[in-house]
Amino acid sequence: MPLDLRPDVSTSDAPLLSLTGVTKTFPGVRALSNVSLNLHPGKVTALVGENGAGKSTVVKVLTGIYQPDEGDIRVDGRPVRFPTPQYAESAGVTAIHQETVLFDELSVAENIFLGHAPKGRFGLIDTATMNSNAAEILSGLGAKIDPGTTLKELGTANKHLVAIARALSVDARVVIMDEPTAALSHTEIEELYELVEGLKAQGKAILFISHKFDEIFRIADDYTVFRDGQMIGEGAIANVSEAELVKMMVGRDVSQIFPERDRQLGDKVLDVQGYEHPTEFADISFTLRRGEILGFYGLVGAGRSEFMQALFGTTLPSAGEVWIDGASITIRSPADAVSHGIVYVPEDRGKQGAIGALPIFQNVTLPSLARTSQKGFLRLAEEFKLAREYSERLDLRAASLDTHVGNLSGGNQQKVVIAKWLATEPKVIILDEPTKGIDIGSKAAVHEFMAELAAQGLAVIMVSSEIPEIVGMSDRVIVMREGRIAAELDRDNITPETLVSYAAGISETSS
Amino acid sequence: MSTTRNIPDRLRSPLERNLKSWETLLLLVAIGIFVANSFASPYFLDAWNLSDATFNFTEKAMIAFAMALLIISGEIDLSVAAIIALASTAMGAAAQVGVGTEGLVLIGLSVGLACGAFNGLLVTGLGLPSIVVTIGTMSLFRGISFIILGDQAYRGYPSDFAYFGQGYVWWVISFEFVLFALIAVIYAVLLHLTNFGRAVYAIGNNATGALFSGIRVGRVKFILFLLTGLMSGVAAICLTSRLGSTRPSIATGWELEIVTMVVLGGVNILGGSGSIPGVVIAAFVMGLVTFGLGLLNVPGIVMSIVIGALLIGVIALPRLWQMWRH
């Protein structure tokens, strides 16, 4: 059906884009059930909900990736259909996805205009026009990026800006942002907010999906809450409190977000002295006791993950010593680290954490095969027993232990990775951004579990960029900045203000 | 323990999974070819002819088993046929100066192991891509053979050396066939029943994830290159013994036939999945096709066309079946 795409002179009460009664079912799952959603020009609508609430499905319906089974999509009040993503794009709907697919070997301009590059004579790509158009969009975003640069030379934050530029290159009227700040540092997030304000001023309707409440209250005008594929509530953000939103999301009161725990610190288990790497970090020294949760805070790029991976043996330090239970050890590979009781739950679950194409039980037993096997021969019964024990302890949700890990949700994949390490009965567990990108309900479960592990005498290192998590969980915090320890804070001194100022290098002289 | 939820071990029984597998499909193809052959030629269903037919695949299959593990782990070794040439040349040179059968076997195996170690070191030690490394060593190993032999050939192997390629254990059952069966069992056990085999699958599916799970990825891959080299040495002994002579062109083109056998057996060329029973059946399929066409006096070049068509056909079959059903 041909679309009339001339923008109406719309008032902000009439939604630019609306969904009514949209239902989408998959075999065995009703992902969306009779939901509605209204996006107004010049306004930011926050879409909140736990993982599995249907947020991603609704984005896919809006961008033409999924077709709804029932219900209407209307643009400017007129019913439309998006049989393919191209239809959604030509109707002015564009999305910045959580993990945008960009191409490392192409130039910035080519990435931005891939699929709709300006054509010159003979249908060849008009590189000059493309580069100048790209430069225009990028400068509109306040990004200092040369459109001719090869993408792989950019950092994460700049790549994200390219993804945003790509979304805006199609002359969008509706911009969907799916967790746009997940990969960004503090200052970059501020810049993103400015960008969103700019888009609002241009009269674009913005759908903003986020797990972070501070940014929802900072940036959004309206909210819509999804739970289990249903629309639970909507309204102006000014008329709702954080607690009310949480209640709508989880369907119950979440009075206390972080578990109270009895802090009983045992003997010193880990001692790290003078860890150093030629480029990533220098002079890292600290100790860790049994039952302690040690937080590592810092901005993106402060060298926390790099240090942890050196401690786990995936990269080699240029200097430094480690003791476990007072005995000096050498870590040259993850296998060495695991054999000394140091395990690492990585941030990048899909690539480093789990092996998606193998079943749950094989993932769980992979580092423990020496224990479940006999003289090098597998014993499946023992493997299932071990996998069952730890899966149940972590309340894993799966159809069977033979299910491939790749088919599980993000939260459950994380549980498989944690189960895998707990089954090795470690002494020190390093959790790198353990709750990144998982919903509030699962977050609370991970926090509770972390507290339980510490109570059982395990020493926990938690790398996190989320201040509430650091403040709520840590017994002690090490703040890293530019590869060095900027501060070590006791329980009583951990406040959001001190964390941020040490991480940013503001209060260098204060004690 | 608060709420204990019961997660079943499996939803499908291993038997059900096996019945719906690639190996079952391949077995049906093998039976089909067997039946077709027995109709096509009156000489096919003869015990000695069938025994002869096994020589079409036994030596290649020995290498294919080790290659299967290597490909499942995400690597490949294209130098295997060149290793045969080098090992055979080394044995031939030794035989000229009067080295006995035991010594020749030792030399064949050692050269195989050394070549495998060289490949493994370049791939795991320097982090080079195995396809490039082994294309290089393919020219290198066979090149050495050519330099040593030129257009000459080594003959004059000790008479008891002939047993490996020409001896029979019992009636029509050749030594090579017994060795093939034994090696198949060893590799099936290694891949499917040991921790080492599990590590191979883990590495092939996600090498980074395996490394982060405490698997010594480099060591496992190095061992796989060693094994592939060793099996090339074993095959070199059998082939040299069977032919009774060594030329530098010995076993030319085998690397592709071996890779074909592995892929036909259901091993994912990108790594991560496959089984030894599949490769065993694929070995029989290829042997039967070659032998059946040979009985019909089909020239060699046509045979390779048929093998190629078979490979594409068997791989495309499940996909075509799916498309047809939708």
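Cβ-Cβ distances below 8 Å connect the following pairs, each with a first residue in the range B:265-288 that is within 14 Å of chain A (Cβ to nearest Cβ), a second residue that is of a type in the set (D, E, K, R) and crowded, with 21+ Cβ neighbours inside 10 Å, and a separation of six or more residues or different chains: B:G271/B:E75. Only residues that are under 30 Å from A:P367 (Cα atoms) and of a type in the set (S, T, N, Q) were counted in the range B:203-262, giving 5.
Every test in (1) surrounded by fewer than 20 Cβ atoms within 10 Å (Cβ to Cβ); (2) within 14 Å of chain B (Cβ to nearest Cβ) is passed by A:L453 save one, and that test is (2). Would you call A:A445 within 12 Å of chain B (Cβ to nearest Cβ), small (G, A, S) and buried (at least 22 other Cβ atoms within 10 Å of the Cβ)? Spelling it out, it is not the case that A:A445 is within 12 Å of chain B (Cβ to nearest Cβ), small (G, A, S) and buried (at least 22 other Cβ atoms within 10 Å of the Cβ). So, B:G209, is that one within 14 Å of chain A (Cβ to nearest Cβ), without any contact (Cβ under 8 Å) to a residue 24 or more places away in the chain and either aromatic (F, W, Y) or assigned to a loop (DSSP other than H, G, I, E, B) (or both) or not? No, not satisfied. Out of curiosity, is B:L45 over 18 Å from B:V262 (Cβ atoms), of a type outside the set (S, T, N, Q) and surrounded by 14 or more Cβ atoms within 10 Å (Cβ to Cβ)? No: the conditions fail for B:L45. Checking each residue in the range B:59-86 for being part of a helix (DSSP H, G or I) and either free of Cβ contacts under 8 Å to residues at least 12 places away in the same chain or over 16 Å from B:C115 (Cβ atoms) (or both) picks out B:E59, B:K60, B:A61, B:A64, B:F65, B:A68, B:L69, B:I71, B:I72. Being out of contact with any strand residue (DSSP E or B) (no Cβ under 6 Å at 6 or more places or on another chain) and surrounded by fewer than 23 Cβ atoms within 10 Å (Cβ to Cβ) is true of A:S328. Residues that are within 9 Å of chain B (Cβ to nearest Cβ) and among the aliphatic types (A, V, I, L, M) within the range A:364-379 comprise A:L366, A:L369, A:A370, A:L378, listed in sequence order. Only one of the listed residues (A:L141, A:L151, A:L124) is surrounded by fewer than 17 Cβ atoms within 10 Å (Cβ to Cβ) and among the hydrophobic types (A, V, I, L, M, F, W, C). That residue is A:L124. Whether any residue in the range A:312-325 is more than 23 Å from A:E488 (Cβ to Cβ) and crowded, with 23+ Cβ neighbours inside 10 Å is what I want to check. Checked the range A:312-325: at least one residue is more than 23 Å from A:E488 (Cβ to Cβ) and crowded, with 23+ Cβ neighbours inside 10 Å.
One residue stands out in the range B:87-117 among those that are without any contact (Cβ under 8 Å) to a residue 60 or more places away in the chain and either of a type in the set (S, T, Y) or part of a helix (DSSP H, G or I) (or both): the one that is farthest from B:S139 (Cα to Cα), namely B:E102. Here the range A:391-410 is the region considered, the condition is being outside any loop (DSSP other than H, G, I, E, B) and buried (at least 22 other Cβ atoms within 10 Å of the Cβ), and the residue that is nearest to the chain's Cα centre (by Cα) is A:V405.
Only one of B:V234, B:V267 is crowded, with 20+ Cβ neighbours inside 10 Å and not in a helix (DSSP H, G or I); which? Among B:V234, B:V267, only B:V267 is crowded, with 20+ Cβ neighbours inside 10 Å and not in a helix (DSSP H, G or I).
Identify all residues within the range A:322-363 that are in a loop (DSSP other than H, G, I, E, B), more than 9 Å from chain B (Cβ to nearest Cβ) and at negative phi; write none if there are none. Matches in the range A:322-363: A:T330, A:I331, A:R332, A:H340, A:E347.
Throughout, read-outs are computed from the coordinates displayed, never taken from laboratory work. This is a predicted model, so every value here is computed, not measured. All Cβ positions, glycine included, derive from the backbone under ideal geometry; neighbour counts span all protein chains shown.
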